[in-house]
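What follows is a short report on a single structure.
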Amino acid sequence: MSVCLHRYFSHKGFKCGRGMQILLYIGGCMASQGPPLWWASKHRRHHNHCDTAKDPHSPVVFSHFYAWTGWVYGFGAEGPFGSGHDEEYLSDHLKFPELAFGENIYWLPPFLSHVVTYFKYGPAHAVYVSLMSAVLCMLLTLYFNVAFHSHGDDGDEHGVVDKARAKLFANPTGTCRARDIPFDPLSNIFGEAHHGWHHKFPLAYKRPGIDAPYWLFILPLKTAGLLWGENRMTETKVK
């Protein structure tokens, strides 16, 4: 999720060839969090309208339950079977027909994974190892939307709420309450604990903290020449 859905498809933090892009797309499907481009469109909208009524999953604006799972699974909500994709945020991705087509069969890679697990290891492994791990990953990732946005008025380091900067970088009401929780162990391992920092520097593919996805995935592939681009520590609007 952190590399494929977040750092690449949502923020284009690094560059890659078309074949590698397809592999990253399949990896994003394996996260079992919906179509990768749908995920990216909602996340880009979240950055551009952070903690406003246009934010798809703000716990500041909506209830905690809605910000956790309701926005995806509620009837007529923001999920793949609800409002669907925010295509205005996807012009860079939709020019690739294979990615646009993949949005129709995003369920196939995780489904095949469950089927292979079932026939190779039996129903118990298929349910408790393959299916349940996918569900837990999805629920924990969705809860991130609630935990890392605060109702409080604390500003920076990095509870954001610098209203001048927020207005400049796509939050017109200056209400973004993204915050860092640096000692959260799981988020720290996956490079997602500094969420306020991330809202300031969304293009950076190397994050503060342990950031295992960078060291174990991005750096080796970059060294092999399969990924490239500078780690952009620049404040910019997410397009």
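The values are calculated or read from the model by the stated rules, or taken from the named source; none is laboratory data. These numbers come from a predicted model, not from an experiment. Note that we place each Cβ from the backbone using ideal geometry, even for glycine, and neighbour counts take in every protein chain shown.
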Worksheet, complete the sentence: If we keep only residues of region 15-31 that are free of Cβ contacts under 8 Å to residues at least 60 places away in the same chain and within 13 Å of Leu227 (Cα to Cα), then the residue surrounded by the most Cβ atoms within 10 Å (Cβ to Cβ) is Leu24
Discussion item. Out of everything in region 223-239 that is closer than 11 Å to Gly13 by Cβ and of a type outside the set (A, V, I, L, M, F, W, C), what residue ends up being modelled with the lowest pLDDT?
Written reply: Arg232
Fill in: Residues (surrounded by 13 or more Cβ atoms within 10 Å (Cβ to Cβ), under 21 Å from Leu139 (Cα atoms) and aliphatic (A, V, I, L, M)) located in region 64-119
Ala67, Val72, Ala77
Discussion item. Checking Ala77 against (1) modelled with pLDDT of 95 or more; (2) in contact with a Gly (Cβ under 8 Å, 6 or more places away or on another chain), only one condition comes out false. Which one?
Written reply: (1)
Worksheet, complete the sentence: Cβ pairs under 8 Å, 6+ apart or interchain, first in region 109-131 and farther than 15 Å from Ser32 by Cβ, second of a type in the set (Val, Ile, Thr) and assigned to a helix (DSSP H, G or I), ordered by first then second residue, are Tyr121/Val129; His125/Thr117
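State yes or no: is Ala67 outside any helix (DSSP H, G or I) and either over 21 Å from the mean Cα position of the chain (by Cα) or aliphatic (A, V, I, L, M) (or both)?
Details: outside any helix (DSSP H, G or I): no; either over 21 Å from the mean Cα position of the chain (by Cα) or aliphatic (A, V, I, L, M) (or both): yes.
Taking the combined requirement at face value, the residue does not satisfy it.
How about region 19-64: which of its residues are part of a loop (DSSP other than H, G, I, E, B) and either within 27 Å of Val129 (Cα to Cα) or of a type in the set (A, V, I, L, M) (or both)? Explain how you work it out, then say what you get.
The first filter runs over region 19-64 and keeps only residues part of a loop (DSSP other than H, G, I, E, B), leaving 30-35, 49-63.
Residues satisfying the conditions are Met30, Ala31, Ser32, Gln33, Gly34, Pro35, Ala53, Val60, Val61.
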Item to complete: State all residues of region 189-224 that are farther than 23 Å from Leu142 by Cβ and β-branched (Val, Ile, Thr); if no residue qualifies, say none.
Response: Ile218, Thr223
